[in-house]
Amino acid sequence: MNFTPIPGTEAALAESPVWDDRQGALLWADIPVGTIHELTLATGARRTWVLSGPIGSFGLCEDGRLIVARREEVGVLDRDSAAYAPLARLLPAGAPQRLNDGKVGSDGAFWVGAMDDTPQKRPIAALYRVDGAGRVEVKRAGLITSNGLAFAPDGRALYHSDSRGCWIERYDLDPATGALSGQTRIASPGEQDGRPDGATIDAEGCYWSA
């Protein structure tokens, strides 16, 4: 497998690559800078949106807007007007955590996890599900660094990792309700293997962990 860098995409911490198949565009965030970048591959056209504070992740809404995980809240960004509207607060102001990896799930909700943002790296974070009305559910507590979200091609399984806990888990997912069941730990990579970070699922249903 060959990896080719895209020129002009250097970042302080590039994360959350999202492919917009309707626009033929690749989007990604620069977490500490608080920016989201867009590159249309066919033309090379670029756009950038700037928000204050870190951006942990984001996903595509059905109408083309972006749902964005900021430090403590989730909101919606209009790509044309650059208008931003808060949707749900997940963490209290000044919490020793921040939101991290997130993806739009097969159930249509935004799934996003938090991480301990202090040097202690304690299991104080959680995985959340945020629906389109801004309702928030805690789906998994006791996390250090929530990461590695991915959904099976048929929409009936969710994969999730803890980068500091060094495990990857699989759940059965009901795409109609967002309910999880059948929690199974499928891997516990050690420090020599590397901590499980961001992830995706390919068309054959294989889980790829960075």
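Here's the picture: charge each Lys and Arg Cβ at +1 and each Asp and Glu Cβ at -1 in the chain, and of L13, A25, A176 the one pushed furthest to the positive end of that dipole is L13. Apply the a/c threshold of 1.5 to the C-alpha gyration tensor of segment 14-209 and tell me whether it is rounded, prolate or oblate. In terms of gyration-tensor shape, rounded. Once backbone amide H atoms are built at 1.01 Å from N, D117 has Q97, R98 as its partners under 5 Å, excluding neighbours fewer than 5 places away on the same chain. Of the peptides 140-152, 46-58, 101-113, 192-204, the ranking by mean beta-carbon count within 10 Å, highest at the top, reads 101-113, 140-152, 46-58, 192-204.
Inter-part distance, segment 104-138 to segment 58-74, computed on C-alpha centroids, equals 13 Å.
So how strong a dipole does segment 1-83 carry about its Cα centre when Lys and Arg Cβ are +1 and Asp and Glu Cβ are -1, to the nearest 20 debye?
The dipole of segment 1-83 has a size of about 140 debye.
Of the residues R71, R65, the one with the fewest other Cβ atoms within 10 Å heads the list, and the complete ranking is R65, R71. Loop-located GluC sites (Glu not before Pro) in segment 7-80 (DSSP state other than H, G, I, E, B) with a sparse environment of at most 11 neighbouring Cβ atoms within 10 Å: E10, E62.
Computed from the Cβ-Cβ distance with R0 of 35 Å, the FRET efficiency linking C206 to Q23 stands at 0.85.
The dipole here belongs to the chain: it is taken about the Cα centre, uses +1 on the Cβ of Lys and Arg and -1 on the Cβ of Asp and Glu, and is about 500 debye.
Remark on segment 65-169: hydrodynamic radius 14.0 angstrom, per the Kirkwood mean of 1/r across alpha carbon pairs.
Here, each number is a calculation from the coordinates, and none is a lab measurement. In this text, all values refer to a predicted model and were calculated from it rather than measured experimentally. All Cβ positions, even for glycine, are placed from backbone atoms using ideal geometry, and neighbour counts span all protein chains on display.
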